[in-house]
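Below is the structure I would like to discuss, written out as structure tokens.
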Ligand code: HEM
């Protein structure tokens, strides 16, 4: 057996690989994992500054791949490091093939790895470990996941109407802003209205903005910040002070206790009927534990996801420009008559809309990081080599590098709107491509289940993306927006919107004729 160190320090890359001793199922050459962790305490701090401020996440990984001869399985430190994290050492998987190990629940244990190298205080979750922190093999995981899968499926028919309300509120506000005061930032509106959307879609009842006013969003975002501050960066200057405040110590949970109590009171009421039913049908899960899980699902999983996903989607549409807008408008308007309601059944018949949404999720998976601990000694294969990982080592995947892998997708770094529109309707080819769209912590061709860690909101998320694109081009012929990239989500600011004519079929056919 090759002498692979278990989370050893120093430059492991310098140690010669004992080729041939790692048994690769595909016959790839065995290599020792290159890279290293450097000097304890000092190197994780230095790497953190590289990661957040000097290089940024993508360059942090790309530069290290370059330094190690193109190897895409590497030993690196992951922030935040000291003092929040006791152990920053991970094995990074930076290509589409090795990344897949993280989706294999027989190989990785995902207990408490949602946020990576640190675990937030349970005081933030009413003392419970929410579903997303449980490993697929824990009995509680199957019990709670069953309930959440049922919730998402059972409420699917509320997604269209709830999103319609959020969309109308957001774009009425964009139009009003453009008319009166100039460019309008989308992110702020998205943040404001998508909390109402998630609560209404999942539970119905009075939306948070009516029950709690603007405080609802403030409290929800504050609660997210208390969990995720070690992963945030470039929020305020000077950066050295930010690094000290956000990345060195945990913000104490008591500072958000009252906000969380208010959110808990809201969801206890909004989800009361669902909790009553669950108490009868799933008596094994205490009501309090399920309530705190539902809060986590609504605010962290769903709202947190949409907060990042929709700005990326609008970003790609803005960058693509009027030609794509006209094609999307034609497709939407051919399927839904002027003034008609866009339903999920209707968007299913819009291949370009569907492709644009998958392509946005491929280019920018909203959750960029996946982690899991090797359940046993395993062999991880990249495209070129096989590496041995020891039981207990923390594996980490930076998903944008996996989903933009040139060995899997042609012109992988480009946003190609038609990528998933397969002209001959060759379903096998589309499936082969969708296998590698893994934003939901599983392939797009897969199904979330009690025994896996795939997002149970997968269909909801794809549906919302499609509704967003379809509604945008039902209402507008085209739009323009400025885009400013920033570490978590791009900031998208609308500068113009061109309303569709009331009888939009005329506009659509004109656009078609002009392009011929
Ligand atoms: C754009 C929105 C969303 C994104 C990007 C997203 C993404 C993800 C990802 C990447 C994971 C796996 C995390 C990991 O273990 O590494 C996950 C898990 C999860 N998501 Fe979503 N999600 C979104 C919306 C939703 C919605 C609408 C729901 C509501 C049903 C939901 C419920 C969950 C739950 C409960 C888990 C934990 C699953 C488990 O532990 O087995 N998510 N999501």
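Report, in degrees rounded to the nearest 10, the 0 to 90 angle that the Cα long axis of helix 504-515 makes with the longest principal axis of the chain.
For helix 504-515, the angle is close to 60 degrees.
Under 18 Å from a label point 7 Å along Cα→Cβ of residue 411: give me every residue in the stretch 307-334 with its amide N that close.
Hits in the stretch 307-334 for residue 411 at 18 Å: 316-328.
What distance in nm lies between label points placed 7 Å from Cα along the C-beta direction at residue 391 and residue 265?
With each label point 7 Å from Cα toward Cβ, the separation is 5.0 nm.
Something else about it: Just for the Cα atoms in the stretch 203-318, what are the lengths along the principal axes, largest first, rounded to whole Å?
52, 40, 28
Another question, if that's okay. If the chain between residue 206 and residue 53 were fully stretched, how many nm would it gain, using 0.36 nm times the residue separation less the Cα-Cα distance?
Numbers: separation 153, 0.36 × 153 = 55.08 nm, distance 4.20 nm.
Here the answer is 50.9 nm.
Okay, moving on. Tell me the label-point distance for the pair residue 157, residue 87, using the 7 Å Cα-to-Cβ offset, in nm and rounded to one decimal.
Label-label distance for residue 157 and residue 87, simple model: 5.0 nm.
Could you tell me how many degrees, from 0 to 90 and to the nearest 10, lie between the Cα long axis of helix 304-320 and the main elongation axis, the longest principal axis, of the Cα atoms of the chain?
That helix lies at roughly 70 degrees to the long axis.
Where does the chain land on Rg/Rh, using Cα atoms and the Kirkwood Rh? List each step's numbers first, then the result.
Details: Rg = 23.4 Å, Rh = 24.2 Å.
Here the Rg-to-Rh quotient is 0.97.
For 331, 489, which order do you get if you count the other beta carbons within 10 Å of each Cβ and list the fewest first?
Values: 331 23, 489 19.
Exposure proxy ranking, most exposed first: 489, 331.
Compute the length gained on full extension between residue 248 and residue 172: take 0.36 nm times their separation in residues and subtract their Cα-Cα distance, giving the result in nm to one decimal. Mind showing how you got there, number by number?
Details: separation 76, 0.36 × 76 = 27.36 nm, distance 4.18 nm.
Extending this stretch completely gives an extra 23.2 nm.
If I fit a long axis through the Cα atoms of helix 257-270 and take the longest principal axis of the Cα atoms of the chain, what angle between them do I get, 0 to 90°, rounded to 10?
Roughly 50 degrees, rounded to the nearest 10.
Given a Förster distance of 25 angstrom, what is the FRET efficiency for residue 239 paired with residue 218, based on the Cβ-Cβ distance and rounded to 0.05? Intermediate values should be presented prior to the final figure.
Details: r = 25 Å, r/R0 = 0.99.
Efficiency, from the Cβ-Cβ distance: 0.50.
Taking R0 as 25 Å, what FRET efficiency do you get between residue 486 and residue 179 from their Cβ-Cβ distance, rounded to the nearest 0.05?
Values: r = 27 Å, r/R0 = 1.09.
Efficiency for this residue pair is about 0.40.
Could you estimate the translational diffusion coefficient of the stretch 99-148 from the Stokes-Einstein equation, with Rh from the Kirkwood formula over C-alpha pairs, at 37 °C and 0.692 mPa s, in whole µm²/s? Before the final figure, lay out each step's value.
Details: Rh = 11.8 Å.
D = 279 µm²/s.
In nm, give the distance between the simple-model label positions of residue 165 and residue 255, each being 7 Å from the Cα along the Cα-to-Cβ direction.
Output for this residue pair reads 3.4 nm.
What FRET efficiency do you get for residue 429 and residue 334 if R0 is 25 Å and r is their Cβ-Cβ distance, rounded to the nearest 0.05?
Values: r = 24 Å, r/R0 = 0.97.
The calculated FRET efficiency here is 0.55.
All of the numbers you see were taken from the coordinates with simple rules; none came from a lab. Fair warning: this is a prediction, and the values are worked out from it, not measured in the lab. No Cβ is skipped: glycine too gets one built from the backbone with ideal geometry, and neighbour counts run over all protein chains shown.
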